[in-house]
Amino acid sequence: MKTARTISRIFVGIIFIFSGFVKVIDPLGSTYKFVDYFNAFNMSFFIPFAIYLGILLSIAELIIGVSLLFNVKIKIGAWSVLLFMSFFTFLTFILAIYNPVSDCGCFGDALILTNWQTFFKNLIIIVPTIIIFLERNKFSTSYSCIEQWSIVGFFTIIMLYISIYSYNHLPIIDFRPYNVGANITEKMNIPDNAPQDEYETILFYEKDGEIKEFTLKNIPDSTWTWIKTKNKLLKQGYHPPIHDFSISTLDGDDITDLILESDDYYFLLIAYNIETANIDNQNRINDFADYCLDNNFKFICVTSSTNNQIEEYQKRTNAQYDFGNTDEITLKTIIRANPGLVLLKHGVIIDKWHFNDIPEIKELSDKFIATSLSKYKGQKDNYLIISLIVSSLLLICLYDRLRIRFKK
């Protein structure tokens, strides 16, 4: 049983660390998912707290994983993981049956599962979870109580810092299809022989107060009255990573191809809702837009807001640049900021900026584009943060080995 509980502890610990980490680095993604839940269950009064719940849940999940993986405060970890898995297994069962949201978001955007896939995943995880709970008093650790709390506190502080940093800038690792370096045009393409969605058409007919279901192969006679038709998805076909990207002018003209095929550098100011957009750096944004228009760069603000809302925004902020319309969910997926700035060329995302990081005029020059291109090719930030996390884990493992050796 010792082997079973050790394997269970490590297995569940790694899953919780991964699940928590991919949400810690994308707090707005967790926020949007909480908002989906609250709207689906008619709990909109919780929406103002979504950001705090998103950060709290992701850090709690990661710390539970740390507790299990490093065998620290294991009794608390065992109780926590049991309560966590019990609640979310029940929740995902409800989601799988009624499908109020498309996916539970348990692995953020790093790994998207259907609600049924998530439920079965939880059924698998609940088995080692029960083993951990039943064997919780048999785990032993070489760490003192202070050392155990120090490890928990260390990871809590690190993850809180990363989450706040990602919220005030951009996610340090971008798992979405609109990551820096992505070719939007290529990600919208569907291969020639790609499988298509397969549906079954169900027809509902009524006769003498009785409603029955029929298929296209057994349509009833004329004594039955048609009520409604429903298409049931039998098998999902291929869906490109990007399938909902389009931009239109305020007059309704589609300019998607014009932007994606442009030979010029194209700056998109993404503001999914200009009524709630942060305007602290609006003067810098206006100066940036003026500079772009004076130096042969294209600039347009893309939003899901109405024309009247745009007019009010222009009066309030003195925004003189053009506006376009796109779906709100698409804009939230493109960049985790409201507003945020995206640099495109030939449909390739060269760089992205949070509204807190909009470049100042004095920073703009030929070197500015060169720097963005360098970031597009290098992605150093990603390697830096991965190195930080891995180094932290290795340091704790090294500390553990050294203290055991010195005790001997």
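Could you run through the range 223-236 and say how many residues are in a loop (DSSP other than H, G, I, E, B), surrounded by fewer than 12 Cβ atoms within 10 Å (Cβ to Cβ) and at pLDDT 85 or above?
Final tally of qualifying residues: 1.
Which of the residues that make up the range 105-120 are among the small types (G, A, S) and buried (at least 20 other Cβ atoms within 10 Å of the Cβ)?
If we filter the range 105-120 for residues that are among the small types (G, A, S), which is where we start, we get 105, 108, 110.
Within the range 105-120, G105, G108 meet the criteria.
Determine which member of the set L62, L82, L28 is within 26 Å of Y143 (Cα to Cα) and either touching a residue at least 60 places away in the same chain (Cβ under 8 Å) or among the polar types (S, T, N, Q) (or both).
The conditions single out L62.
Does P240 meet the test of being outside the structural domain of V302 (by TED's automatic domain parsing) and under 18 Å from K187 (Cα atoms)?
On the way: outside the structural domain of V302 (by TED's automatic domain parsing): yes; under 18 Å from K187 (Cα atoms): yes.
The answer is yes for P240.
What is the number of the single condition among (1) part of a helix (DSSP H, G or I); (2) out of contact with any helix residue (DSSP H, G or I) (no Cβ under 6 Å at 6 or more places or on another chain) that W116 does not meet?
Result: W116 passes all but (2).
Could you pull out the residue among E311, E261 that is farther than 25 Å from P27 by Cα, surrounded by fewer than 20 Cβ atoms within 10 Å (Cβ to Cβ) and touching a His at 6+ places or on another chain (Cβ under 9 Å)?
Working: E311 fails: touching a His at 6+ places or on another chain (Cβ under 9 Å).
The conditions single out E261.
Restricting to the range 20-33, count the residues that are surrounded by fewer than 21 Cβ atoms within 10 Å (Cβ to Cβ) and in contact with a Phe, Trp or Tyr (Cβ under 8 Å, 6 or more places away or on another chain).
Residues meeting the conditions: 1.
Name every residue in the range 84-113 that is part of a loop (DSSP other than H, G, I, E, B) and within 20 Å of F18 (Cα to Cα), in order of residue number. Walk me through it before giving the result.
Going through the range 84-113, the residues part of a loop (DSSP other than H, G, I, E, B) turn out to be 99-113.
Across the range 84-113, the qualifying residues are D103, C104, G105, C106, F107, G108, D109, A110, L111, I112, L113.
Write out, first by first residue and then by second, each pair whose Cβ atoms fall under 9 Å of each other, whose residues are 6+ apart or on separate chains, and whose first residue, in the range 5-23, is at pLDDT below 90 while the second is among the acidic types (D, E).
Between residues of the range 5-23 that are at pLDDT below 90 and residues that are among the acidic types (D, E), the close pairs are R5/E135.
Regarding S8, is this residue within 20 Å of A110 (Cβ to Cβ), of a type in the set (S, T, N, Q) and buried (at least 18 other Cβ atoms within 10 Å of the Cβ)?
Judged against the criteria, S8 is not a match.
When the residues of the range 237-254 are filtered to those that are in contact (Cβ under 8 Å) with a residue 40 or more places away in the chain and not in a loop (DSSP other than H, G, I, E, B), which remaining residue is farthest from I112 (Cα to Cα)?
Restricting to residues being in contact (Cβ under 8 Å) with a residue 40 or more places away in the chain and not in a loop (DSSP other than H, G, I, E, B), the top hit is T249.
Give me the pairs: first residue in the range 114-134 and touching a residue at least 40 places away in the same chain (Cβ under 8 Å), second residue part of a helix (DSSP H, G or I) and basic (K, R), beta-carbon distance under 7 Å, and six or more apart or on different chains, which are they?
Short answer, once both residue conditions are applied: I131/R5; I132/R5; I132/R9.
The values are calculated or read from the model by the stated rules, or taken from the named source; none is laboratory data. Computed from a predicted structure; not experimentally measured. So basically every Cβ, Gly included, is an ideal-geometry build from the backbone, and we count neighbours across all protein chains shown.
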